[in-house]
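Contents: one structure, followed by commentary.
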Amino acid sequence: MSDVLTQLDQILERRKQSNDGESSYVASLHQKGLNKILEKVGEESVEAIIAAKDAKASKDNSEVIYETADLWFHSLVMLSHLGEDSSAVINELARRFDMSGLEEKASRTK
């Protein structure tokens, strides 16, 4: 799994640097800026939520998996735009091991 994320991180970084929005969707998102990227993250979030509700009724998870992949992808583009990559999220998830969700939530600064 981490190989896929590492490869995707590398591709996203290359596309971010390419500034070729004519032939690269990712480059075009970076050129349009953070607000456009956040709009896509929001759109994909809503689509994943709707797909999950539909999957519950239909017992078919294929669409929710597809939409979750879109959400993850656009979240990775967002992180790339901000100078981060998937390793930052993986490291944060690893930090939370052996900590209950309630403990983690309580440890956040307000």
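Taking square-rooted eigenvalues a ≥ b ≥ c of the alpha carbon gyration tensor, is segment 1-56 rounded, prolate or oblate, where a/c under 1.5 means rounded and, failing that, a/b exceeding b/c means prolate? Note, shape of segment 1-56 comes out oblate. Heavy-atom accessible surface of the chain, averaged per residue, reaches 72 Å², computed with a 1.4 Å probe. The stretch between D98 and L82, if pulled fully straight at 0.36 nm per residue, gains 2.9 nm over its current Cα-Cα span. Solvent-accessible surface of protein heavy atoms, probed at 1.4 angstrom with all chains present, puts L34, L102 in the order L102, L34, largest first.
Using the Cβ-Cβ distance between S62 and I90 with R0 = 30 Å, the FRET efficiency computed as 1/(1 + (r/R0)^6) comes to roughly 0.70.
Ordering H74, H81 by accessible surface, largest first, gives H81, H74; the 1.4 Å probe counts only protein heavy atoms, with every chain in place. Distance between the 7 Å Cα→Cβ label points at V46 and Q17: 3.6 nm. For L76, the solvent-accessible surface with a 1.4 Å probe is about 20 Å², rounded to the nearest 10. Taking every DSSP helix (H) stretch of at least 4 residues in the chain, weighting each as -39,500 (n - 2.57) and dividing the sum by the residue count yields a mean residue ellipticity at 222 nm of -25500 deg cm²/dmol.
Across D54, D98, D70, mean-square fluctuation computed from a Gaussian network of the chain (C-alpha pairs under 10 Å connected) peaks at D98. For the set L93, L5, L29, solvent exposure ranked by accessible area (probe 1.4 Å, protein chains only) runs largest to smallest as L93, L5, L29. Diffusion coefficient of the chain by Stokes-Einstein, Kirkwood radius over Cα pairs, 10 °C, 1.306 mPa s: 101 µm²/s.
The values are calculated or read from the model by the stated rules, or taken from the named source; none is laboratory data. Computed from a predicted structure; not experimentally measured. Every residue, glycine among them, receives a Cβ derived from its backbone with ideal geometry; neighbour counts consider all protein chains shown. When the accessible area is computed, the model is the full protein with side chains, heavy atoms only, and any ligands, DNA or RNA have been set aside. Shrake-Rupley method; radii C 1.70, N 1.55, O 1.52, S 1.80 Å.
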